[in-house]
1. Can you confirm whether E201 is among the acidic types (D, E), assigned to a helix (DSSP H, G or I), within 25 Å of A536 (Cα to Cα) and open to solvent by 30 Å² or more (accessible area, probe 1.4 Å)?
2. Being among the hydroxyl-bearing types (S, T, Y), out of contact with any Cys (no Cβ under 8 Å at 6 or more places or on another chain) and modelled with pLDDT of 95 or more is true for just one of Y466, Y499. Which residue is that?
3. Being of a type outside the set (D, E, K, R) and touching a Ser or Thr at 6+ places or on another chain (Cβ under 6 Å) is the requirement here; does I210 meet it?
4. For region 486-500, state whether one or more residues are free of Cβ contacts under 8 Å to residues at least 40 places away in the same chain, touching an Asp or Glu at 6+ places or on another chain (Cβ under 6 Å) and assigned to a loop (DSSP other than H, G, I, E, B).
5. Could you tell me which numbered condition G208 fails, if it satisfies all but one of (1) farther than 22 Å from V134 by Cα; (2) not in a loop (DSSP other than H, G, I, E, B)?
6. Count, please, the residues in region 128-150 that happen to be assigned to a loop (DSSP other than H, G, I, E, B) and not hydroxyl-bearing (S, T, Y).
7. Can you give me the number of residues within region 128-154 that are of a type in the set (A, V, I, L, M, F, W, C), more than 17 Å from F334 (Cα to Cα) and in contact (Cβ under 8 Å) with a residue 60 or more places away in the chain?
Amino acid sequence: MISFGSIGRYILNPRRLHDRWRIHQDLRHFRQEYAPLFSPPVRCDVDRRVLVVGLHGFIPSAKEDGIYAKALEGRGITPWILVERESIISSYYKVYGLDRFVFFADYVDPIPCDPLLRQAGEVIAGATRAAELVDFKYRDVHVGRHVLSRLMRHLHAGKLNLQDQLVARDLIKMLVDAMRAVHAAEALLDEVKPEMLLFNERGYTPFGEIFDVALNRKLNVIQYVASHRDDARIFKRYVRETHDVHPHSLSDDSWKAISSLRWDDCKERELAEELYGHYEAGTWFNFQRLQHGKRIKSKDEVQAQLGLDPQKKTAVVFSHIFWDATFFYGDSLFDDYEEWFIQTVKAACANTAVNWIVKLHPVNTWRLEADGYRGELAERVALRKRVGELPAHIHLIDPDTDINTYSLFGIADYGLTVRGTVGIEMAVFGIPVLTAGTGRYSGRGFTLDFRRPDEYLAALGRIQEYPRLTAEQTVLAKKYAYGILKLRPLKLSPVKFEYSSAKDTFHPLNGSAKILARSLRDMVEASDLSAFASWAADSPHLDYLE
C-alpha cells in the first residue's frame with residue numbers, strides 16, 4: 001500500500017515510481033520463472049540452521065543469497081533469512097521457498113538510546129582524531145571501525161574532522177546505532193541459534209556488529225564476494241583471529257599448500273591467459289566496469305600520452321577509494337587512505353629522479369554513479385587543498401582514462417598501494433611493490449612491507465635504488481596470484497550472473513542471477529554448488545579452493 005507521503009514523493013520524482021514499477025515487474029517475472037522450481041518448500045533438520053544476513057536490501061544479492069541457501073538446505077541445514085523488516089526483498093526470498101524470516105528491527109527497536117548516548121558522547125569527546133576510534137570496542141565488538149567506515153561512505157569523505165560539530169553529532173548517533181546493533185545481534189543469535197551465518201556485506205553497521213558477535217561465539221561465519229570474473233564467486237570462512245583479513249586473500253594453510261606447488265609452464269600459461277584475457281576483454285571485475293572503454297596500449301603509447309621521461313624509471317601510485325571499506329581490513333601505516341595518498345604524493349613530488357604516475361581508482365566511476373554522487377572526486381579535492389599544483393614529473397590518471405590498467409605492467413618499475421589487488425598483479429611481472437598496510441598479501445615474501453610511516457616515506461625518496469624482484473620472489477607472487485585467480489574462485493554452473501553497462505546500470509535490478517538448472521535437484525546436486533555446501537557445512541578450511 002502506498003501512503004499519501006509516498007504519492008507526493010513519486011509526483012516530485014516520477015523516476016521513483018518508474019523504478020518501483022520495474023521492481024514489481026521483475027518480481028513477477030522472477031516468481032513466474034522460478035517459483036515452480038522451488039515448490040513445495042523443503043523441510044529439513046531444524047536443529048541445523050544457517051542465518052542468511054539479507055540486511056543489504058539489494059535485489060541482486062537477495063537472488064544470489066537464495067541460491068546458496070538452497071544449496072545448504074540440500075545438506076540438511078535450515079535457512080533463516082534476516083531482513084530489516086517485511087518488504088519486497090522478502091518476496092524474492094520467498095520465491096525460493098524460503099519462509100523462515102527474522103526481522104532485525106524487532107530486536108533493535110526495544111533497545112533504548114538514552115543509556116547509550118552518554119557513553120557514545122564520552123567516547124567521541126575523548127578522541128582528538130578519527131583514527132583513535134578505529135580500535136574502539138563495545139562488548140568486544142569492533143564498533144569503532146564499523147561506524148567510521150559507515151560515516152565516511154555516507155559523506156564520501158576521505159577524512160573525518162572530530163572538531164566539526166556535525167561530524168561529531170553524526171558519529172555519536174551512529175555509535176549509538178552500533179551499540180544497539182550489538183545488543184540486538186546478541187539477542188537475535190540467542191533466539192535463532194544458528195550454527196552458520198552467511199554474509200555478502202559484512203563490514204558496515206549493523207553487518208559488522210552481527211559479524212563480530214557471531215565470531216565471538218565461535219559460530220561458522222562465511223562471506224561470499226564477487227571475483228575478478230563474472231561466472232565465479234569467492235568464499236571465505238572467518239574466525240576471530242582473521243576477522244580483518246580481506247576475502248581475496250589466502251589463509252596461512254592455503255598459502256602453505258599453494259606455495260609448495262611446483263611452478264611449471266602450464267601454470268605460467270594459465271595465469272598469463274587469466275590476467276591478459278580479462279583485461280583485454282574489459283571483463284576484469286566486470287560488475288564494477290573497471291576496464292570498460294579502455295585499451296591496452298604499448299609502452300611507447302603510454303609514455304607519449306602521459307609525457308613521461310623515457311630516461312627515468314617509473315613508479316605508479318594506485319590510489320584506494322578513500323571512503324570505501326576504509327577500516328575493514330588489516331592495519332595501516334597511516335590514519336586513513338587519504339593520509340596515505342597525500343603523504344605518498346608529497347614524497348613523490350620531492351623525488352624528481354623518477355616519473356610518478358598517480359592513478360585514481362577506476363571504481364570511482366561505478367561507486368559514485370551507484371551512490372548518485374555528482375561532486376568533485378575526493379582525491380582531487382585532497383590534492384588541491386593539501387598538495388597544490390603538481391610538478392611536471394607527477395602524472396595524474398583519472399578514473400575515466402582510456403588507458404587499460406594492464407598497460408601499466410609494461411611500463412612500471414615500481415608500484416605503491418596500501419593493500420590493493422594490483423599489488424599481486426604487479427609482483428607477477430617482477431615489479432617491486434611497496435605496501436603501506438596489512439590484510440591481504442603482505443608478509444608473503446614478494447612485497448616490500450614497512451613497519452612505520454617514516455620508513456615507508458624514506459623509501460620513496462630513494463625508490464629508484466630498489467632492484468626488480470628476484471626470480472624466486474616473482475615465482476612466489478605468481479603462485480599467490482594463481483591461488484587467488486585460479487583456485488579461490490568457484491565457477492557456478494547452475495547460475496549465470498548478468499551485468500549491464502547501460503545508462504541505468506545502477507538500477508536496483510542490475511546484476512541479476514539467472515538460474516540455468518531445470519530442477520531443484522539439478523541445482524543443489526551440481527558439482528560446484530554441492531562442493532560449496534560441503535565446504536561451508538563441514539570443512540575446517542578457511543578458504544574454499546577449487
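1. In short, no.
2. Matching residue, one of Y466, Y499: Y466.
3. no
4. The answer is yes, given that some residue of region 486-500 is free of Cβ contacts under 8 Å to residues at least 40 places away in the same chain, touching an Asp or Glu at 6+ places or on another chain (Cβ under 6 Å) and assigned to a loop (DSSP other than H, G, I, E, B).
5. (1)
6. The number of residues fulfilling the criteria is 8.
7. 2
Each row is one residue, and each column tells you yes or no for (1) among the hydroxyl-bearing types (S, T, Y); (2) open to solvent by less than 10 Å² (accessible area, probe 1.4 Å); (3) under 25 Å from the mean Cα position of the chain (by Cα).
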| site | (1), (2), (3) |
| --- | --- |
| G439 | no, no, yes |
| S442 | yes, no, yes |
| L457 | no, no, no |
| L460 | no, yes, no |
| Q464 | no, no, no |
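The values are calculated or read from the model by the stated rules, or taken from the named source; none is laboratory data. Given the structure is predicted, the values throughout are model-derived calculations rather than measurements. Glycine gets a Cβ as well: all are built from the backbone with ideal geometry, and neighbour counts include every protein chain shown. Note: accessible area is taken over every heavy atom of the protein model, side chains too, but ligands, DNA and RNA are not part of it. Shrake-Rupley method; radii C 1.70, N 1.55, O 1.52, S 1.80 Å.
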